[in-house]
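Have a look at the structure below before the remarks.
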Amino acid sequence: MREKKAVYVNGYLGIAGLILLVGIGAVSLFFGMINAMFSLTVLGFIFWFIAIVLLSSVTIVSPNQAKVILFFGQYVGTIRESGFFLTVPFAQKINISLKVRNFNSSVLKVNDLDGNPIEISAVVVFKVVDTAKALFDVAYYHDFVEIQSETAIRHIASQYPYDTFNEEDLTLRGNTTAISDELAQELQERLSVAGVEVIETRLNHLAYATEIASAMLQRQQARAILSARQTIVEGAVTMTQMALEQIEHSQEINFTDDRKVQLINNLLVSIITDKGTQPVINTGLVKDK
């Protein structure tokens, strides 16, 4: 089922035509009854009947609304233009809103890629672009949008970890824009059958489930400390290597292996420690008298 344009005419011109038909019918009845002309009288009633039939086709379409026209169960077309119109007589006219709407999903509990239970929800902004599909291809497209949205949110949440310390990994917490774009793309594929266009999706709630929130917080802190220590150690090794090379080349000093090991140890301890270090000045060996 695809949307098509209904047959309709300007309502003001249609009303003018109806008034003209009523006038012609009245004149025909008047002269038919005065002159006892049965055919003219019948013609007057026919004009009136046509006017009454056309009067049933009057319809008003509000801005950002559409009227779906059904004629005895047959889809005739859709009127998208706002205004006053005359369309198919005795037709059923169903209102469909074309306004942009948003759906706020409930907070869902899902397992992420690592198997951790998380809580997630999203806001989906959408509008109807095909009234025929929205009305005839699905039952209650509002419910269809809600159910498919929650299904897509569950699927996307299970494809990625909540968080990771690898910057190259795509995560729910660290890449919300990319996750939202992928959610919108998947939703559009699911909702195209209902004639709905997904304008935007945004995650509005994302957190670990309450039963593991405390443990995951400690895990995050431990990972953060480990990552920071790893960075500090890598930097300390680089700085120590540069210091040794600079001392040996600029001062023309050749360290023995024992002295080099001692210097490396002192430099690493002073750089890596998170507490203040106390310098020790070596003035040489003191001989006993």
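From the phi angles alone, apply the Karplus equation (6.51, -1.76, 1.60; θ = phi - 60°) to the range 96-103 and give each ³J(HN,Hα) in whole Hz, x where the residue is Gly or Pro.
With the stated coefficients, the range 96-103 comes to 10, 7, 9, 6, 6, 10, 10, 10 Hz.
Given the range 100-157, what whole percent of its Cα pairs are spread farther than 13 Å?
64
For the range 101-210, what does the convex hull of the Cα positions come to per residue, in cubic angstrom?
About 85 Å³ per residue, rounded to a whole number.
Tell me which residues come under 5 Å, amide H to amide H, from Ile199 once H is placed; ignore anything under 5 positions away on its chain.
Excluding prolines and chain starts, which carry no amide H, the hits are Val125, Phe126, Lys127.
Which order do the peptides 38-47, 199-208 take when ranked by the mean count of other beta-carbon atoms within 10 Å per residue, highest first?
The most tightly packed comes first, giving 199-208, 38-47.
Give me a comma-separated list of calculated 3J(HN,Hα) values for the range 105-112, in order, Karplus coefficients 6.51, -1.76, 1.60 applied at θ = phi - 60°, integers in Hz, x for any Gly or Pro.
Whole-Hz 3J(HN,Hα) from phi for the range 105-112: 5, 6, 6, 9, 9, 9, 8, 6.
Could you tell me, in Å, what Rg and Dmax come out for the Cα atoms of the range 1-48?
Gyration radius and largest Cα-Cα distance of the range 1-48: 16.3, 55 Å.
Using a 1.4 Å probe over the heavy atoms of the protein chains, calculate the carbon and sulfur portion of the accessible area of the range 101-210 as a whole percent.
45
Quick one, can you get me the convex hull of the C-alpha atoms of the range 55-149 expressed as volume per residue in Å³?
99
Give me a comma-separated list of calculated 3J(HN,Hα) values for the range 6-18, in order, Karplus coefficients 6.51, -1.76, 1.60 applied at θ = phi - 60°, integers in Hz, x for any Gly or Pro.
Using θ = phi - 60°, the values come out as 7, 8, 7, 10, 4, x, 5, 5, x, 5, 4, x, 5 Hz.
Regarding the range 9-96, what's the average projected area of the Cα-atom convex hull, expressed in nm²?
Computing the convex hull of the Cα atoms and averaging its projections yields 6.0 nm².
The values are calculated or read from the model by the stated rules, or taken from the named source; none is laboratory data. Everything numeric in this text was worked out from a predicted model, so none of it was measured. All Cβ positions, glycine included, derive from the backbone under ideal geometry; neighbour counts span all protein chains shown. Please note that ligands, DNA and RNA were not included when accessible areas were found on the heavy atoms of the full protein model with its side chains. Shrake-Rupley method; radii C 1.70, N 1.55, O 1.52, S 1.80 Å.
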